[in-house]
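What follows is a short report on a single structure.
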Amino acid sequence: MLKKQFVLAASLVGTSVLFSQNLLAQPLSVGVAALWSESPYHNTKDRTVPFPLINYQDENVFFHGLEAGYYLYHGEADQFSIIANTTGQYFNPHRAHHSAMRGLDKRHLTMMMGGEWTHVATWGVVKTALTGDVLNESNGLVWDTNYHYPLQFGALSLIPGAGVTWQSANQTDYYYGVSGKESRRTGIDRYKADDSWSPYVDISATYQLTRDWTVVAGARYTHFDNEIKHSSMVDKSGQTTVWTGVNYQF
C-alpha cells in the first residue's frame with residue numbers, strides 16, 4: 001500500500017505538470033519529486049520516498065508519471081485510450097513493527113491494463129478508467145472516476161478535485177484480506193473482504209518559476225470503504241499523502 005501512494009503521487013504530480021505544460025504547448029517535461037505517505041496497515045512504517053517525474057504527450061501516445069497509454073481517439077473535448085499502469089498496492093511484512101503483522105504473506109505489486117475516457121470542458125475535466133490485473137497477482141479490477149477543475153492565477157495553477165475508486169472483491173481481498181492459514185500462523189483475525197468504494201479529494205498546484213522551470217506540490221486524502229476499514233490488517237479510516245517537486249519543460 002505504501003507503493004500505492006508512490007504511484008498516486010507520481011500520477012497526480014504528472015497531472016498537475018500536464019496542465020501547466022499544456023498552457024505552454026510543450027510535449028515533454030522531466031523532474032524529481034518526493035512524497036510522504038501514512039501507511040494504512042496496522043503498526044507499519046510510514047514512508048518518505050523520492051521519485052522521478054516524466055511526462056510526455058503527443059497525438060498518439062502519452063506517459064504521465066507511472067501511466068502509459070495509446071490514444072484510440074484524441075479530440076479536443078474527448079479522448080479514449082488504452083492504458084497500462086499500476087495501483088501501486090503492495091504490502092511488505094518486513095516494514096511492520098508488530099511481530100504478528102510480520103508473519104503475514106506479501107501482497108505483490110502488479111500491472112493493470114484497460115481503457116480510459118477523458119472529457120475536457122470549460123467546467124472541468126472528467127476522467128474514468130477501468131483496468132484489470134494482467135500479472136495474475138490479485139486477478140482484480142479497479143474502476144476510478146474523478147473530476148478536476150484547473151484554476152489559473154498568473155504563474156500559479158491550482159487543480160482541486162474529487163473522485164472515487166471501486167475495487168473488485170478479488171482486488172480488495174488480495175490486499176486487505178487475511179486467509180485462514182495466515183490467521184492460524186499469526187493470531188490475526190481471519191478476514192474476507194468484498195468489493196469496495198473509496199472516495200477521495202485532492203489538490204495539486206504548480207508555480208511557474210520561469211518558462212522552463214515549475215514547482216509542483218499537492219495532497220490527497222482517501223476515505224476507506226468499510227470493507228477496507230474493517231480489515232484486521234488496517235488501523236485507519238483513511239489515508240493522507242502529500243508531495244512536492246520541481247519540473248523542467250523542454
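Structural remarks
- Hits in segment 35-51 - residues which are among the basic types (Lys, Arg) and not in a loop (DSSP other than H, G, I, E, B): Arg47
- Filtered residues of segment 227-248 (kept if buried (at least 21 other Cβ atoms within 10 Å of the Cβ) and closer than 15 Å to Ala33 by Cα): Thr241, Trp243, Gly245, Asn247
- Segment 179-191 residues that are under 20 Å from Asn226 (Cβ atoms), paired with ones that are among the charged types (D, E, K, R) and outside any loop (DSSP other than H, G, I, E, B) (beta carbon under 7 Å, 6 or more apart): Ile188/Glu182
- In segment 225-250, the residues that are under 22 Å from Val164 (Cα atoms) and modelled with pLDDT under 95: Asp235, Lys236, Gln239, Thr240, Thr241, Val242, Trp243
- Against the test of being within 26 Å of Asn247 (Cα to Cα) and exposed (fewer than 15 other Cβ atoms within 10 Å of the Cβ), the options Phe51, Phe153 yield a single qualifying residue, Phe153.
- You will find that of Met112, Met101, the residue that is at pLDDT 95 or above, farther than 19 Å from Thr165 by Cα and surrounded by 18 or more Cβ atoms within 10 Å (Cβ to Cβ) is Met101 and no other.
- Tally of residues being touching a helix residue (DSSP H, G or I) at 6+ places or on another chain (Cβ under 8 Å), in a loop (DSSP other than H, G, I, E, B) and either at pLDDT below 95 or buried (at least 19 other Cβ atoms within 10 Å of the Cβ) (or both) across segment 170-224: 3
- Cβ pairs under 6 Å, 6+ apart, first in segment 56-74 and of a type in the set (A, V, I, L, M, F, W, C), second surrounded by fewer than 17 Cβ atoms within 10 Å (Cβ to Cβ) and at pLDDT 90 or above: Val61/Tyr70; Ala68/Ala84; Leu72/Phe80
- Only one of the numbered conditions (1) in a strand (DSSP E or B); (2) in contact with a Pro (Cβ under 6 Å, 6 or more places away or on another chain) is violated by Phe62, and that is (2).
- Set Trp36, Trp117: member being of a type in the set (Phe, Trp, Tyr), more than 30 Å from Gly154 (Cβ to Cβ), touching a Ser or Thr at 6+ places or on another chain (Cβ under 6 Å) and in contact (Cβ under 8 Å) with a residue 24 or more places away in the chain: Trp117
- Output for segment 65-84, where each listed residue is crowded, with 17+ Cβ neighbours inside 10 Å, assigned to a strand (DSSP E or B) and in contact with a Gly (Cβ under 8 Å, 6 or more places away or on another chain): Glu67, Ser81, Ile83
- Matching entry among Thr128, Thr87 (being under 20 Å from Ser168 (Cβ atoms), under 14 Å from the mean Cα position of the chain (by Cα) and assigned to a strand (DSSP E or B)): Thr128
- Given (1) modelled with pLDDT under 90; (2) under 19 Å from Val216 (Cβ atoms), index of the condition Phe62 fails: (1)
The values are calculated or read from the model by the stated rules, or taken from the named source; none is laboratory data. Computed from a predicted model, the values in this text were never measured in an experiment. With ideal geometry, Cβ positions are generated from the backbone for all residues, glycine too; neighbour counts draw on all protein chains shown.
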